[in-house]
Amino acid sequence: MPTFYAVEFKPWVFLEPQNLKVTANFLGDFFPPVFQSEFLLLLLKDAWTTIAIATAGMALALVFSVPLSIAASSALSVSSLTGPMHPVGFLVRQSIRWLLIVLRSIPELVWALIFVRVVGLGPAAGVLAIAVTYTGMLGKIYGEILESGDTQTSRAILVGGGGRLQAFSYGLLPQNATELLSYSVYRWECAIRSSAVLGFVGAGGLGQQMDASMKMFNGGEVATILMVLMLLVAMADQISSWMRRAVQ
């Protein structure tokens, strides 16, 4: 296929004896994992930092993405109730959508590099990087969810003289709450993984510890860190399932 040719995808390279030996030696360095009490306590602190970065970043993203998605959603447009959307309203919505495109187009790793220079090394840079990128992601998906659902109730509220916030709270939110919540928790799970990656550029958390262990060629510590990350993702998945059942 042209795509595989363009990326020089050659799976048979993995089966060459020399590469098999290198792969086996690399994987062998991960065993046995390190379970020393001091190291586990350090990972517990870093795991909490990772969760805190993801949660604080998501909280900031929600603060900005919710009003932006409401403003950008045509389902809450007052001017389009009686005909074509007013040019000013259309321009405002398109500007907000372009802003969301810009925010989510730049990877959080790049934002982290920028914020590390602004606020210095540490978790704050990771929080800001996740907040900016996820504002773009959440704003886009929230807007699409609101527009894809049944808008009759919200439009009836707007026609009756209600405001956009009322139309959102009593018309769009109740019928889309489960989908919005499910996507939000999924993004929080993604933020946990992202915060671990951001640690490689000095944003704190498990990623920073993993970077240090890899630089010291300590595969056992890396294996333990990966286990902790898997436990965090599994925990986020369980929380997501519980919250979906609670809403339903």
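Being surrounded by fewer than 22 Cβ atoms within 10 Å (Cβ to Cβ), modelled with pLDDT under 85 and at positive phi, is that true of even one residue in segment 167-177?
Within segment 167-177, not a single residue is surrounded by fewer than 22 Cβ atoms within 10 Å (Cβ to Cβ), modelled with pLDDT under 85 and at positive phi.
Could you list all residues from segment 204-235 that are more than 13 Å from ALA47 (Cα to Cα) and out of contact with any Phe, Trp or Tyr (no Cβ under 6 Å at 6 or more places or on another chain)?
Narrowing segment 204-235 to residues more than 13 Å from ALA47 (Cα to Cα): 211-223, 234.
Passing the criteria: ALA212, SER213, MET214, LYS215, MET216, PHE217, ASN218, GLY220, GLU221, VAL222, ALA234.
Inside segment 15-46, can you point out the residues that are outside any loop (DSSP other than H, G, I, E, B) and more than 23 Å from LEU232 (Cα to Cα)?
To start, the set of residues in segment 15-46 that are outside any loop (DSSP other than H, G, I, E, B) comprises 15, 17-28, 37-46.
Selection gives LEU15, PRO17, GLN18, ASN19, LEU20, LYS21, VAL22, THR23, ALA24, ASN25, PHE26, GLY28.
Quickly run through segment 116-137 and pick out the residues that are closer than 14 Å to ALA203 by Cα and crowded, with 24+ Cβ neighbours inside 10 Å.
ALA125, GLY126, VAL127, ALA129, ILE130, ALA131
Among what's in segment 9-50 and is among the hydroxyl-bearing types (Ser, Thr, Tyr) and either touching a Phe, Trp or Tyr at 6+ places or on another chain (Cβ under 9 Å) or under 19 Å from GLY207 (Cα atoms) (or both), pick the residue that is surrounded by the most Cβ atoms within 10 Å (Cβ to Cβ).
Among them, the one singled out is THR50.
Can you report the number of residues in segment 201-248 which are of a type outside the set (A, V, I, L, M, F, W, C), within 18 Å of the chain's Cα centre (by Cα) and over 26 Å from GLN36 (Cβ atoms)?
Qualifying residue count for the region: 4.
With LEU158, LEU198, LEU229 as the choices, which residue is in contact (Cβ under 8 Å) with a residue 12 or more places away in the chain, touching a Lys or Arg at 6+ places or on another chain (Cβ under 8 Å), within 30 Å of PHE26 (Cα to Cα) and of a type outside the set (Val, Ile, Thr)?
Step by step, each of LEU158, LEU198, LEU229 is checked, and only LEU229 is in contact (Cβ under 8 Å) with a residue 12 or more places away in the chain, touching a Lys or Arg at 6+ places or on another chain (Cβ under 8 Å), within 30 Å of PHE26 (Cα to Cα) and of a type outside the set (Val, Ile, Thr).
Yes/no per residue for (1) aliphatic (A, V, I, L, M); (2) at pLDDT below 90; (3) out of contact with any Phe, Trp or Tyr (no Cβ under 9 Å at 6 or more places or on another chain); (4) closer than 22 Å to ALA191 by Cβ:
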site: ALA131; (1), (2), (3), (4): yes, no, no, yes
site: GLY143; (1), (2), (3), (4): no, yes, yes, yes
site: ALA156; (1), (2), (3), (4): yes, yes, yes, no
site: GLY160; (1), (2), (3), (4): no, yes, yes, no
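Cβ-Cβ under 7 Å, sequence separation 6+ or interchain: first residue in segment 1-28 and over 25 Å from GLY220 (Cβ atoms) and modelled with pLDDT under 80, partner part of a helix (DSSP H, G or I) and not charged (D, E, K, R). Which pairs?
Close Cβ pairs (under 7 Å, with a partner that is part of a helix (DSSP H, G or I) and not charged (D, E, K, R)) amount to VAL13/ASN19.
Going through segment 98-110 one residue at a time, which ones are closer than 15 Å to VAL197 by Cα and crowded, with 21+ Cβ neighbours inside 10 Å?
Within segment 98-110, just GLU108 meets the criteria.
Go through segment 155-248 and tell me which helices (runs of 4 or more DSSP H), entirely inside it, have 2 or more residues that are small (Gly, Ala, Ser).
173-198, 206-215, 219-247
The values are calculated or read from the model by the stated rules, or taken from the named source; none is laboratory data. Treat the numbers as computed from the prediction; the structure is a model and nothing was measured. Methodologically, a virtual Cβ is constructed for each residue, glycine included, from the backbone with ideal geometry; neighbour enumeration extends over all protein chains shown.
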